[in-house]
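Derivation of every value follows stated rules applied to the coordinates shown; laboratory data play no part. Just so we're clear, the structure is a prediction, and the values are computed from it rather than from any experiment. Every residue, glycine among them, receives a Cβ derived from its backbone with ideal geometry; neighbour counts consider all protein chains shown.
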Ligand SMILES: *Cc1c(COP(=O)(O)O)cnc(C)c1O
């Protein structure tokens, strides 16, 4: 957090969001504003960059709002869900497409529900879970299609850049390779039994660039092919996970989907018998959302400027969770009408904080701004994923933000302001 670009205030709003922001009054803030046509266009471009052989699932945990799930529907093959709650919610919001059910610690009730709803794939995380699923499937008279989640050791170089490593080292996620061969395969003997082993799943890290993710995908598909050969198995699928990087310090840039698509086409050519699948979350939806608010107060302390915003990290926990300065744009607002001077800063670094009584409520630290005054609006970009839904909404009992899904029908703030769980 010591070096940063000269300014983080360079991520423009889309014209649709900018025009809508003008219609909001102070009482309508803070507000989450989503540009659904922009999301659709981005998802279309991602799909177009991928070879037809690669299936695209959306990891719902990044942003499970029904409007988001539905906007993505024409562009994705299916959805990855990681809890019974997501399973029920996604099935309801988008009834048609296939679901993959992953995540650690699946309960008996969740597994039963998944069997009943007929999820397309179970991503199995442990030997215990495999046995549990087999027993429940047997009891329900159902067949469960299984991918075993593998935790493959990776060279440190491969994960060095990863923001969130979930594997490639000791981890609570997935199965070590020898547990798969020694403990799981014997439970999955082909011909009969309630479980059908389709292949392998891996989600080893989040926040990787295209070359690093392609190296991981190559490693996982090679390992799967060798597993099939060594054990005489017919494995037909590999899900290489999500984790496509999003650079919050350069909000105008995007993950290199073109390079990734080309690399995945090569992997597909080398593995004609395997269906390849990916399940990104963040890199699909992060760009379509903004958290819009205003400066309530502005002051100096120890020579540093602090702007207090309406709202805070209880709505947008992303910068606190990831330890970054969240990119924002200043929208200068209405003339000053109070009879005393308007507090403001010009050409100096300012720390943007929220209304919470904790020093952790920081959205961006010492970021240079041209000008920022009380009453100005601030639009945080890259707030379409892991933003509202990872935040601790009820802490301090401030009012929730409004939610506006533009280009797909807008809901008045008060209607959507009930806590969303
Ligand atoms: C979180 C998660 C994803 C999505 O990760 P992103 O970094 O949002 O792309 C995909 N698969 C699994 C198993 C996950 O846990």
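What residue among 359, 98, 153 shows peak mean-square fluctuation when the chain is described by a Gaussian network model with Cα springs under 10 Å?
In the Gaussian network model the winner is 359.
Could you order peptides 34-44, 55-65 by the average number of other Cβ atoms within 10 Å of their residues, highest first?
55-65, 34-44
For a footprinting-style exposure proxy, rank 106, 299, 322 by other Cβ within 10 Å, fewest first. It would help to have the intermediate numbers written out before the result.
Numbers: 106 24, 299 12, 322 16.
Result, fewest neighbours first: 299, 322, 106.
Using DSSP, restrict attention to beta bridges with both residues in the stretch 98-280 and report what percent are antiparallel, rounded to the nearest 5.
Taking every DSSP beta bridge within the stretch 98-280, about 10 percent pair in antiparallel fashion.
Between residue 226 and residue 265, what is the label-to-label distance in nm when each label sits 7 Å out along the Cα-to-Cβ direction?
My value for the distance between the label points is 2.9 nm.
What is the packing order of peptides 75-88, 344-357, taking the mean over residues of other C-beta atoms within 10 Å and listing the highest first?
Listed from highest to lowest mean packing, they are 75-88, 344-357.
With a bin width of 5 angstrom, please list the P(r) values of the stretch 269-405 as percents of all Cα-Cα pairs, from the 0 bin to the one holding the largest distance.
2, 9, 18, 21, 17, 12, 7, 4, 3, 2, 2, 1, 1, 0, 0
With all distinct Cα pairs included, what does the Kirkwood hydrodynamic radius of the stretch 98-280 come out to in Å, to one decimal, could you say?
17.0 Å
Just to be sure I understand the model, the point goes 7 Å from the Cα along the line to the Cβ. What's the resulting residue 53 to residue 321 distance in nm?
Going by the 7 Å Cα→Cβ label model, 3.5 nm.
Alpha carbon centre of the stretch 379-394 versus the stretch 271-305: separation in Å?
With the stretch 379-394 and the stretch 271-305 each reduced to a Cα centre, they are spaced 7 Å.
At a Förster radius of 51 Å, what calculated FRET efficiency corresponds to the Cβ-Cβ distance of residue 348 and residue 127, to the nearest 0.05? Could the numbers behind the result be given before it?
Working: r = 58 Å, r/R0 = 1.14.
It comes to 0.30.
On the principal axes of its Cα set, how long, how wide and how thick is the stretch 44-187? Give whole Å, largest value first.
Extents along the principal axes, in whole Å: 45, 42, 26.
Taking the inverse of the average 1/r across all pairs of different Cα atoms in the chain, what Kirkwood radius in Å do you get?
22.9 Å
Tell me, what is the percent relative contact order of the chain, built from C-alpha pairs under 8 Å that lie six or more residues apart?
Values: 892 pairs, mean separation 87.4, N = 421.
With pairs under 8 Å counted, the relative contact order is 21 percent.
If you take the C-alpha gyration tensor of the stretch 178-297, multiply each eigenvalue by 5 and take the square root, what semi-axes do you get, largest first, in whole Å?
36, 17, 11
Take each of the peptides 382-390, 131-139, average the number of other beta-carbon atoms within 10 Å over its residues, and list them starting from the highest.
By packing density, highest mean first, the sequence is 382-390, 131-139.
What residues from the stretch 378-408 fall in the zone where the backbone N is under 19 Å from a label point 7 Å along the Cα-to-C-beta line of residue 18?
Counting only backbone N, you get 378-383, 406-407.
Per the helix-only calculation at 222 nm, which mean residue ellipticity applies to the chain, given -39500 (n - 2.57) for every DSSP H run of n ≥ 4 and division by its residues, nearest 500 deg cm²/dmol?
On the way: 11 runs with 114 residues, N = 421.
Theoretical 222 nm ellipticity from helices: -8000 deg cm²/dmol.
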